[in-house]
Structures are given as structure tokens and as C-alpha cells.
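Encoded as C-alpha cells, the structure appears first; notes follow it.
The values are calculated or read from the model by the stated rules, or taken from the named source; none is laboratory data. From a predicted model like this one, the values you see are computed outputs, not experimental measurements. Glycine also receives a Cβ, built like all others from the backbone with ideal geometry; neighbour counts cover every protein chain displayed.
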């Protein structure tokens, strides 16, 4: 094996890589300022895909001899334009939002697992248990709901004495299960206290 090939770099490559990184960095800041705070958010799956794509373009632009800095910047600029366009269309046309976005899904409410939703989300009960432990939950009775968000992040909402504002849950698929689980839980508590 030629070990020198692994560690070899000449001063022209150092200068080329350095200038590419500097140019890309400042253009990325400019694109982000023009496109707004959402540029690198993780609010939807297409936001996440954009972040991955930019990283890939950055790597190939900086390290590849076949891609110039200008080619990389045009590609990233187009991604920002597309993200701005898709974000605008999502805000203005509900059917576009429905088409592009995953919908949050309830996986557990008031100690009750929703097996059909777990199966659809490809999540096991042990995955939910792990999420609960990471959130400091010691008993299923502490949990109001576990929701898989549009980005596949898990939200664990703890029980408390506050009456839920159901409008916070109306965009969740099967949100009626959350209401039903709450009513069932209240009935059980009432029967246990009687």
C-alpha cells in the first residue's frame, strides 16, 4: 500500500481547498440570511433532506477536482430557491402541505399503546420505553401522550392537572384517540375513587 498517497497534499491543493471553503462559507451565510431562519431547521422531512444535500454538495465542491466552487454555489443556491418556493407553497396551499409533510401520529396516550400506529410508524414498544426513560418518566401514568412528529422526533407530553388545549393536537393524525384515551382514563379514575 502506498502510504504517501493517503497523506499527500501539495500547497496548490491546500490553497484551492481553503479558498473553496471560505467562498462556500460566506455564500452559505448569505443564502441563509436571504432565505431566513428556516434554512437549516428540521421542521419537515424536506428541510432535513436539504441539510443533507448541502453537506454533500459542500464536500464534493471542496474536495473534488471535477466540481468548481461556482458549480457548487449554483447548486446550493438552487436548493435555497427550491426550499423558499416549497415553504411559500406550503403556507399558501393546504393540499401542497398535505402532500409534502408527514403528519404527526400518536403512539401512546394515558398509558395506552396504539399498536396500529406503532406498526405504521415502524416503532416497537421497547422504542417507546427508551424514549420515556430518556425523558425521565418512571411510570406510564406520568404520560399524557407520546407523539411522533413530522421529523420523526418524539414528543413526550407529561400528565398534569391542566386541562388540555385540544387545538394543540388537532393536526395530529388520530387525535381522536388522544381524546378517547383521556375520557377512558377519567372514567377509570372516577370509578376507582367511587
Tabulated pairs, the stretch 77-93, first surrounded by fewer than 11 Cβ atoms within 10 Å (Cβ to Cβ), second assigned to a helix (DSSP H, G or I), C-beta under 9 angstrom, 6+ apart or interchain: 91/97
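In the stretch 98-121, which residues are assigned to a helix (DSSP H, G or I) and crowded, with 17+ Cβ neighbours inside 10 Å? So that I can check it myself, show each step before the final result.
The initial filter retains those residues of the stretch 98-121 that are assigned to a helix (DSSP H, G or I), namely 98-100, 115-121.
Listed by number, the residues that qualify are 117, 118, 121.
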Restricting attention to the stretch 14-46, the residues that are in a helix (DSSP H, G or I) and either touching a residue at least 60 places away in the same chain (Cβ under 8 Å) or outside the structural domain of residue 89 (by TED's automatic domain parsing) (or both) number exactly 1
Kindly establish whether residue 121 is in contact (Cβ under 8 Å) with a residue 24 or more places away in the chain, in contact with a helix residue (DSSP H, G or I) (Cβ under 8 Å, 6 or more places away or on another chain) and not assigned by TED's automatic domain parsing to the domain that holds residue 44. no
Return yes or no: is residue 143 touching a strand residue (DSSP E or B) at 6+ places or on another chain (Cβ under 7 Å) and farther than 23 Å from residue 41 by Cα? yes
Some residue of the stretch 95-115 being touching a helix residue (DSSP H, G or I) at 6+ places or on another chain (Cβ under 9 Å), modelled with pLDDT of 90 or more and more than 30 Å from residue 160 (Cα to Cα): no
Within the group 171, 176, 180, which residue is out of contact with any helix residue (DSSP H, G or I) (no Cβ under 8 Å at 6 or more places or on another chain), part of a helix (DSSP H, G or I), surrounded by fewer than 16 Cβ atoms within 10 Å (Cβ to Cβ) and at pLDDT 80 or above? 176
Among (1) at pLDDT 85 or above; (2) over 19 Å from residue 82 (Cβ atoms), residue 3 falls short only on (1)
Would you confirm whether any residue within the stretch 107-116 is free of Cβ contacts under 8 Å to residues at least 24 places away in the same chain and under 18 Å from the mean Cα position of the chain (by Cα)? no
